[in-house]
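Accompanying notes for the structure given below.
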Amino acid sequence: MIRIFKIFCCIILVIPFLTGCWDRLEIEERAVVLGVSIDAADTKKAEQEEEEVSHIRGSIPAPQKGMIRVAVQIALPGRIPLGPGEGGGGKGSESHTVWVLEVVGNSIDDAIMNLQQQVSSRLFFGHLRVIVVSEAVAKKGLENVNDYFRRNPEVRRMAWLVVSKGNALKFMKATPKLKRVPTLYLISTLDEGIKLGKFPKDYIGIFWSNESKKGQEGFLPYVEMKKEQNVEIKGLAYFVGNQMVGVTKPFEIAGYLGIKGVNPAGYRRFIPLGGPNEFVMTNATQRRSKIDVRIKDNIPHFTIRISMDFDIEEKLSEKIEINNLDILKKIEQIQEESSVKFYMKMIKKTQVKGSDIFGFGEYVRAKEPRYWNKQIKTAEKWRSMYKECTFDVKVSRKIRRIGMKAK
């Protein structure tokens with residue numbers, strides 16, 4: 001009996017180690033999706049084009065927001081370059097590395113189901129890097145987009161969700177010169193923007209987190225495809241809830257970074273000194289920001305203190321004496337005065353739409369909880385209250401380096 005008991009215990013201990021591959025799925029049996037684009041579709045044409053996979057044509061009405069066109073970029077097994085020697089792009093190179101398919105549907109889930117009917121392997125979103133949504137879809141609302149991808153356990157929170165100017169499908173079919181995989185080029189553009197201090201971290205997980213807060217709204221990168229298949233970050237697409245309500249200019253991204261104190265700083269600007277062609281180019285290097293809130297006349301009043309270090313990179317006139325201390329003080333003063341106007345203009349631009357992308361409402365929740373619980377409570381009430389808030393911006397600029405001059 002003791003021997004039988006020992007054998008039985010050994011079997012019990014071994015069995016768990018034998019079940020590790022019971023649900024394995026070979027990588028060759030997966031259709032690895034690298035990118036997804038979502039565009040608005042013409043409802044009449046889309047109804048005729050849609051396959052009868054989830055319903056019989058004409059059995060259900062078209063959605064109120066219209067039908068959508070979804071395209072996916074699928075990696076071809078063994079074709080993705082793995083080393084630096086296999087890099088480079090060019091005309092037609094994307095046809096050797098990825099496969100772009102497009103379908104129409106009433107929702108994201110419906111479109112993906114129609115797409116799966118056309119692909120022999122199961123669609124796998126574990127390596128999804130970017131989701132490109134057209135401006136038209138973003139203005140109608142991203143509720144369905146967020147709902148589908150947020151519930152999908154395969155989608156990583158480090159992926160990017162971006163809004164495109166115009167059609168989003170062209171980002172899936174692009175042929176960039178520097179990358180053989182179009183989505184990787186778009187991702188590298190955004191990642192390098194973060195490293196160079198030109199764009200904040202705004203992965204899809206961060207966007208969803210900001211969107212769910214009561215005192216803050218989400219924003220997304222706003223991008224445009226240029227003539228040579230390169231991608232330009234055109235600004236921030238800011239939202240109210242799930243709906244896009246406005247876009248900043250590219251330089252206004254620096255306003256958001258300055259108010260939030262995001263480092264490193266990397267934006268350059270011209271400073272006029274009064275005379276003809278008397279301009280100097282400055283480059284911000286370090287940002288610091290502190291935000292205080294107090295209730296004034298039953299309305300939140302915010303004091304924003306921003307300090308920044310910058311270098312003088314070049315001058316456009318030989319008359320400008322960079323080594324002159326008075327000139328340097330004048331440059332700092334002009335920089336401070338223009339920065340106050342710039343930051344206030346940026347804040348007022350978002351106040352008009354009630355889109356608090358800076359998270360001022362979260363400061364009220366943290367520092368003035370009694371006021372929040374009594375006067376605001378909900379995200380909808382804060383959107384209307386944000387339009388009435390007052391601000392006091394104080395800016396301090398310091399020149400650290402003025403460069404070198406060869407004689």
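Using the structure shown, decide if TYR148 is more than 16 Å from the chain's Cα centre (by Cα) and either assigned to a helix (DSSP H, G or I) or assigned by TED's automatic domain parsing to the domain that holds LYS349 (or both). Answer is yes for this residue.
Return yes when GLY197 is small (Gly, Ala, Ser) and surrounded by fewer than 22 Cβ atoms within 10 Å (Cβ to Cβ) and no when it is not. It is true that GLY197 is small (Gly, Ala, Ser) and surrounded by fewer than 22 Cβ atoms within 10 Å (Cβ to Cβ). When segment 151-163 is filtered for residues that are within 21 Å of LEU236 (Cα to Cα) and assigned to a loop (DSSP other than H, G, I, E, B), the ones remaining, listed by number, are ARG157, MET158, ALA159. Among the residues of this structure, GLU252 does not count as one that is acidic (Asp, Glu), in contact with a helix residue (DSSP H, G or I) (Cβ under 8 Å, 6 or more places away or on another chain) and without any contact (Cβ under 8 Å) to a residue 24 or more places away in the chain. Residues being surrounded by 22 or more Cβ atoms within 10 Å (Cβ to Cβ), closer than 22 Å to ARG156 by Cβ and either in contact with a Pro (Cβ under 9 Å, 6 or more places away or on another chain) or not acidic (Asp, Glu) (or both) are entirely absent from segment 250-266.
Looking only at segment 319-362, residues that are more than 17 Å from GLY258 (Cα to Cα), of a type outside the set (Val, Ile, Thr) and touching a residue at least 24 places away in the same chain (Cβ under 8 Å) come to 10 in all.
Inspect segment 164-179 for any residue being at pLDDT 95 or above, not in a loop (DSSP other than H, G, I, E, B) and not acidic (Asp, Glu) and give the result as yes or no. Checked segment 164-179: at least one residue is at pLDDT 95 or above, not in a loop (DSSP other than H, G, I, E, B) and not acidic (Asp, Glu). Put simply, of VAL280, VAL293 the only residue that is modelled with pLDDT under 90, touching a helix residue (DSSP H, G or I) at 6+ places or on another chain (Cβ under 7 Å) and surrounded by 17 or more Cβ atoms within 10 Å (Cβ to Cβ) is VAL280. Screening the candidates GLU224, GLU143 for the property of being in contact with an Asp or Glu (Cβ under 7 Å, 6 or more places away or on another chain) and touching a residue at least 60 places away in the same chain (Cβ under 8 Å) yields one hit, GLU224. For segment 98-116, filtering for residues that are in a loop (DSSP other than H, G, I, E, B) and surrounded by fewer than 21 Cβ atoms within 10 Å (Cβ to Cβ) leaves 1. Within segment 124-137, not a single residue is more than 18 Å from the chain's Cα centre (by Cα) and either assigned to a helix (DSSP H, G or I) or of a type in the set (D, E, K, R) (or both).
The values are calculated or read from the model by the stated rules, or taken from the named source; none is laboratory data. Everything numeric in this text was worked out from a predicted model, so none of it was measured. So basically every Cβ, Gly included, is an ideal-geometry build from the backbone, and we count neighbours across all protein chains shown.
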